[in-house]
Amino acid sequence: MHNQTLGNRARDYVSPESPEEVAETLRQANETGQTVIPVGGGTKQGFGGEGGEADLLLSTANLAEVIEYSPGDMTITVQAGATIQTIIDAVREHNQMVPLDPSFPAQATIGGVIAANDSGPKRMLYGSARDHVIGLHVAHSNGEILRSGGKVVKNVAGYDMNKLFIGSMGTLGVITEVTLKLRPLPKDQSMCVLTFPEGVESAVKPFITELLDTHLEPVTLEYMNPSLTNALLNKEGYSLLITFEDVQKAVQYQEKWVYDHVPVGAELTVFREEEVDDFWRTFAHFSIDDDETVVHVKMGSKNLQVLERVENCSRLQQWRDLQVFAHGGAGHGISRAYVKGEEGAVQSFVQDLRKVCEEDGGYAILTHAPLAFRKTIGVWGTKPSYFSLLEGIKKQLDPQAILNPRRFVGGI
Amino acid sequence: MTEKAEMVEEMIRQLGDDAVLHRKEDLLTYECDGLTVYRGMPLAVVFPSSTEEVSGVVKWLHEHEIPFIPRGAGTGLSGGATPFGGEVIISLVRMKRLLDVDYDNREAVVQPGYINLTLTNSITHKGFYYAPDPSSQACCTIGGNVAENAGGAHCLKYGVTTNHVLGLEVVLHNGEIVEIGGVPDAPGYDLMGLVTGSEGTLGIVTSITVRILKNPEAEETAMAYFDSVEDASYAVSGIIAAGIVPAAIEMMDEIAIQGVERATNPVGHPEGSKAVLIMEVDGIATGIEEQIEEMVSVCERHNVVDIKVAKNDRERGRWWANRKTAFGAMGAISPAYLVQDGVIPRSRLSEVLAHIADISAESGLRIANVFHAGDGNLHPLILFDARNEGETDLALDVGSRTLEACTAVGGSITGEHGVGIEKKEDMRLVFSDEEIERQITVRSVFNPHNLLNLDKQFPKPARCGEVKQAVGSGEAHQVAEQR
Amino acid sequence: MTTEPSLANLVVKKNEPPVGNYLWEDPPDEDKFSACVHCGLCLEACPTYQELGHEHQSPRGRIHSIVAVAEGKIDINEAFEDPMFTCLDCRACETACPAGVQVGALIEEARGQVRQARPLKGWQGLVSRFFLRGVFPHTKRLHTLGMLTKIYQKSGAQTVVRKSGAKKVLPDHLGAMEAIMPDVGRPVLKTHPERIPAEGEQKGSVSMFTGCIMDVMYSDVNEATVRVLTKNGHSVEMPKQQQCCGALHVHAGDREMGKKLARENIDTFLEADADHVVVNAAGCGCALREYPELLQNDDEYREKAERFAEKVLDVSKYLYDYGYRAPEAELRKRVTYHDACHLAHGQGVWDEPRDLLEDIPGVEMVPLPNADRCCGSAGIYNITHPDMAGRLLDRKIEEVPDDVEMISMGNPGCMLQMAMGVMNHGRDEAIVHTMQLLDWAYQLEGGETDD
């Protein structure tokens, strides 16, 4: 980890060779009251945390093995430090895939993706980490490695403890091993890109509503603002990315439907086969130079409110000297904005955006921002009404609060 | 006035006369749920009609330290809603309204007593449905589904209840009302995921927002008969390996086939069939045929005896009715059954089924197998007659042994029925004492006095700390000391 | 409080006489109740459970209580009586039950025990004895009662009562019943000869069970039925010695009188020796088909009862199975169809009446949601349990599609109840029997106008 301004740093660094060593490290830290920041690929350094330096940075870099891959069961068990790309490569030979499309698959580890609950546009059809993780091994602060879930795809024995760790930002334990449900690789795919020149974007919502009322089964319905459209597709205006993955006939049929329903004024471009993979790879690696303040915002809303979120970003960008790249999935309710500019402008932008989101019953959190920025406006927004339950869980699982102190909601 | 009389009076004051049952004769029908081998008498049964009424009842019971059990339709198969004796049952069946449907955002909001299938029936005219489809869907409540994280035949492709819950309103142990979820990835620990499947031990769910799905454009259902369970099992693996994502693959073995054929919904399975697979593919119409053809050819490679595709919706409906009423149909060939719910990696199907056959032969009890073959979720139905001395104990023992057979290959003791009373001790087959204890500490955050569905779901951990007497409702109950 | 699971304490042991609290003849049959595995699939089929949400008011709960009495855990007391008699005996649970549990028979057996243990006293007992023992078993007295009603209607007394507001003195439901009482005609059993020949070529011959209430209240339906049968080439015989079917007695727990009537009917119809006994009242048809059940412990009649029951068919099923021709004239009506419980759930007759109606040119069938949910009539249930009956009737009427002109069905009890519902809700759909619609269609062929 190299970025000074992002925080989440520590005085010492360890990279245990085994899960047991992870647990032992935690046990000792717990005894001596040392604070620990777990880290995978380091892609979430700017995500969460408003405190100072920790005592120990605990890396899962040396826990990157594939433990067991059972193609017949469509499950795979890997150590937490394995990157998403490692898993993708491991299961491809049996024509299977891990249905997660987070950012930076080559660097991001499965443990980190789960802890931060990162996801991409394809969650519309395939779901997110909570839908794919069927078992975890977690090293707890008392030095125990406890299992949750199992290796089978259906399991209701006891509480669904997996869920607690997904998105917990490493505040409850250090994930050491993960078992995932896989899917077969689609036999064919294509992506229809509709671009809507500015002024025509009002046609987007009726189009999406009409599409959702058919039997079409899109994998993505990702909506991008003009800056992102320009950066990724070199086209003008808003764009809608409609991906289909199915057997060939079904893909062609769905593609044809879009072709027959292109809204007036919109332009259709179709990506096929490897072009689709190439595009999504570029999408997942999108980043902006941080020669100025760069902040990433994640927003959650009802599905179709995503369109408003992306448009909110455009509206709030006006009068401010900012670059804002925004997208959101009309089928899954998550929108993201990548904002770059002078710190004060970014700050007021985020505050205004957060206000709009929260008034609508949603949220806007910072998934990447400099430490100073995080300290000023907060990562997580308003505390939920049931905060005492979150606090209670933290107290039970990490009573000394040695894990990722103040990284999470409400300063947990 | 006795404590019970005082409680009954208070409940009647809060809810009205017809919303409280307290006579022995009436309570007796609440001594068990869908699992009849364990029974206990509740102190009373109350029927709140709103979230506020649930909250009021819970607050009072909490203050008076009387344990209580939320209950839906009582179709659970692990005794989750069965009292140990002396609890107040909070029945949610009168909270059965559909509160809202938002087709654009694909969400519906229901009260907990709303019936699973009624939701699908209410939105089908717009071409939508609710995916989780436990076999009891015609009568089980969505609140109960959330408590048990219910599955069903079509979970293979569409996931179980937890994958379809988007938001919950929950009454906590002290009567406080909180709303969780509502938008995806709400900041904070995933309480929604934790509460789903917590068998009523973490709170009482009073409103549920669920995902609704658009009906697939087309579906095709095939039924394939085999001369051996092994062939059928290999066919299942073959279909999965071919990269098909079927909506469902269900299997019934010979005894199960005999049962359903003698019950209310026979479909004419050929006599002597050793195994039948019901396979369904759905999706975009133009892509369905090649998938069915591929499934047929996989079955042919595995010595299928006969295979047919449903001619129309009516035939498909009859096939599913035949399969979905299979548990109850056992009543036609046995006065009682115990159903187990083990899960195994599906690649180990034939091995585990052989093991179960051995257990059956050794014990002398017939075991019918009806199960979700696609996800390796077995339902061995242990047939017995409780009127024969000692046979209930034997059946329970056989049940546990089938679960051991599942956990021996890395499986689980329950895929969708829950732990309840029945499988408390079997939890030790999958979790260490520490792992169980950790779950109990999580429970203590929501349920500090263990009043909510007292002592369900977890065995007492062997090294659990001291046990202290708590002052309760006149009856002392044990409360695990908080750490 | 102990939190160790306790195993069910089952007192009934195999091959041992029950030690429980059933002390009279025909106790609920152990083989029948042990088939219930408590799965709960019956719950949502049960109208009383849907209304009340109480487990003991559900089929599964009622069986649980019946077993508890057999096990000696509870007594036959008011708390046991209530759920047994709150049951509508609609049999919807039997359609839903995957194991084929005969809930109706179990309830009837339990009611028999209740009535022995707790005979009805006071005015209830008086009224019950008057009707069940004094009137229904005696065709002549029933016909006389019918005559009196007719005189009441024709003499203007009805008008006077209706105008004077004397009706308001009657309890609500009885007042409402009075208001929808059909114009009583004369029973076909009296007006028609014993044998009515088929029109044209004879295709079959049947005995007709005329039903006591049907023949008094709805003799016009019986007349229509005779015309439809003969029109289709079936000769109709009406044995004059036939009696009330006894359904109401068995439902009320008076199994003794029920059996007496059953034996008389069996003798009468077996002597007549037709291939089929047709019925147009679903409640009666169901009861007749269940005589073997009622007489299971009667060595002399068991076999006869089976022989008789095999002959009994609802008229719609008989026509459908043994030949009818679709009417040629057009009857332009929008019609919905309500499943009488004892036709659909009791006899498994679902599609035949619908198909007959759809075959009438011009008839447009509009589906009735939850068509097979009880209307609340359930024999004399609407008199004994007016509150529940009223709730069910309201639900039923609310679901009738707005734009239908007629509601068709196959049972006189339902017809009375539905007529009351239509009136109470200020609606104007005509309540008709399936045979009446067919009859009108055939009559129109004769050139009469569609009116």
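Name the single residue that is least open to solvent (accessible area, probe 1.4 Å) among those in the stretch A:371-390 being under 16 Å from residue B:195 (Cα atoms) and more than 7 Å from every other protein chain (Cβ to nearest Cβ).
A:387
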Seminar exercise, completed: The one condition residue B:185 fails out of (1) assigned to a strand (DSSP E or B); (2) charged (D, E, K, R); (3) over 27 Å from residue B:252 (Cβ atoms) is (1)
Problem set entry | Failed condition for residue B:396, given (1) hydrophobic (A, V, I, L, M, F, W, C); (2) in a helix (DSSP H, G or I); (3) modelled with pLDDT under 95; (4) under 20 Å from residue B:156 (Cα atoms) | (4)
Seminar exercise, completed: Residue hits (the stretch B:44-55; surrounded by fewer than 22 Cβ atoms within 10 Å (Cβ to Cβ) and either polar (S, T, N, Q) or part of a loop (DSSP other than H, G, I, E, B) (or both)) are B:49, B:50, B:51, B:55
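Let's see how each residue does on (1) away from chain B (no Cβ under 14 Å); (2) surrounded by fewer than 23 Cβ atoms within 10 Å (Cβ to Cβ); (3) more than 27 Å from residue A:223 (Cα to Cα):
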residue: A:311; (1), (2), (3): yes, yes, no
residue: A:329; (1), (2), (3): no, no, no
residue: A:332; (1), (2), (3): no, no, no
residue: A:358; (1), (2), (3): no, yes, no
residue: A:392; (1), (2), (3): no, yes, yes
residue: A:405; (1), (2), (3): yes, yes, yes
residue: A:410; (1), (2), (3): no, yes, yes
For this session: Determine whether residue B:193 is under 30 Å from residue B:49 (Cβ atoms), part of a helix (DSSP H, G or I) and not polar (S, T, N, Q).
Result: yes
Exercise. Limited to the stretch B:33-60, what total is found for residues that are touching a helix residue (DSSP H, G or I) at 6+ places or on another chain (Cβ under 7 Å) and more than 13 Å from chain C (Cβ to nearest Cβ)?
Worked result: 4
Problem set entry | The lone exception for residue B:308 - which of (1) open to solvent by less than 50 Å² (accessible area, probe 1.4 Å); (2) part of a strand (DSSP E or B) it fails | (1)
For this session: Return yes or no: is residue A:158 in contact with a Phe, Trp or Tyr (Cβ under 7 Å, 6 or more places away or on another chain), open to solvent by less than 10 Å² (accessible area, probe 1.4 Å), at the interface with chain B (Cβ under 7 Å from one of its Cβ atoms) and at pLDDT 95 or above?
Result: yes
For this session: Restricting attention to the stretch A:194-240, report how many residues are within 14 Å of chain B (Cβ to nearest Cβ), in a loop (DSSP other than H, G, I, E, B) and either open to solvent by less than 60 Å² (accessible area, probe 1.4 Å) or of a type in the set (A, V, I, L, M, F, W, C) (or both).
Result: 5
Exercise. Does the stretch C:355-376 include one or more residues that are open to solvent by 10 Å² or more (accessible area, probe 1.4 Å), in a helix (DSSP H, G or I) and not assigned by TED's automatic domain parsing to the domain that holds residue C:205?
Worked result: yes
Exercise. Which condition does residue B:224 not pass, out of (1) open to solvent by less than 30 Å² (accessible area, probe 1.4 Å); (2) among the aliphatic types (A, V, I, L, M); (3) assigned to a helix (DSSP H, G or I), if it passes all the others?
Worked result: (3)
For this session: Within the stretch B:381-406, work out how many residues are within 10 Å of chain C (Cβ to nearest Cβ) and without any contact (Cβ under 8 Å) to a residue 40 or more places away in the chain.
Result: 4
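Report yes if residue A:27 is out of contact with any helix residue (DSSP H, G or I) (no Cβ under 7 Å at 6 or more places or on another chain) and either open to solvent by less than 50 Å² (accessible area, probe 1.4 Å) or under 30 Å from residue A:335 (Cα atoms) (or both), otherwise no. Quick ask: steps written out before the conclusion?
Numbers: out of contact with any helix residue (DSSP H, G or I) (no Cβ under 7 Å at 6 or more places or on another chain): yes; either open to solvent by less than 50 Å² (accessible area, probe 1.4 Å) or under 30 Å from residue A:335 (Cα atoms) (or both): no.
In short, no.
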Exercise. For the stretch B:20-32, what are the residues that are facing chain C (nearest Cβ under 8 Å), in contact with a strand residue (DSSP E or B) (Cβ under 8 Å, 6 or more places away or on another chain) and assigned to a loop (DSSP other than H, G, I, E, B)?
Worked result: B:30, B:32
Seminar exercise, completed: Residue set A:112, A:127, A:149; condition on the phi > 0 side of the Ramachandran plot and either surrounded by 23 or more Cβ atoms within 10 Å (Cβ to Cβ) or in contact with a strand residue (DSSP E or B) (Cβ under 6 Å, 6 or more places away or on another chain) (or both); output residue A:149
For this session: Using the structure shown, decide if residue B:316 is open to solvent by 30 Å² or more (accessible area, probe 1.4 Å), in contact (Cβ under 8 Å) with a residue 60 or more places away in the chain and assigned by TED's automatic domain parsing to the domain that holds residue B:224.
Result: no
Exercise. Among the numbered criteria (1) within 30 Å of residue B:243 (Cβ to Cβ); (2) out of contact with any helix residue (DSSP H, G or I) (no Cβ under 6 Å at 6 or more places or on another chain); (3) not in a strand (DSSP E or B), which single criterion is violated by residue B:156?
Worked result: (2)
Seminar exercise, completed: From the option list B:178, B:183, single residue qualifying as in contact with a strand residue (DSSP E or B) (Cβ under 6 Å, 6 or more places away or on another chain), free of Cβ contacts under 8 Å to residues at least 40 places away in the same chain, open to solvent by less than 10 Å² (accessible area, probe 1.4 Å) and not aromatic (Phe, Trp, Tyr) is B:178
Problem set entry | Complete set of residues in the stretch B:185-202 that are under 25 Å from residue A:49 (Cβ atoms) and among the acidic types (Asp, Glu) | B:185, B:190
Exercise. Pick from the stretch A:335-363 the residues that are touching a Gly at 6+ places or on another chain (Cβ under 6 Å) and assigned to a strand (DSSP E or B): which of them is nearest to residue A:212 (Cα to Cα)?
Worked result: A:335
For this session: Being touching a helix residue (DSSP H, G or I) at 6+ places or on another chain (Cβ under 9 Å) and either modelled with pLDDT under 95 or more than 7 Å from chain A (Cβ to nearest Cβ) (or both) is the filter; apply it to the stretch B:417-435 and report the residue that is nearest to residue B:160 (Cα to Cα).
Result: B:417
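The values are calculated or read from the model by the stated rules, or taken from the named source; none is laboratory data. Note that the structure is predicted; figures quoted are calculated from it, not measured. Cβ coordinates were reconstructed from backbone atoms using ideal geometry, including for glycine residues, and neighbour counts include every protein chain displayed. We work out accessible area using only protein heavy atoms, side chains counted, and drop any ligands, DNA or RNA first. Shrake-Rupley method; radii C 1.70, N 1.55, O 1.52, S 1.80 Å.
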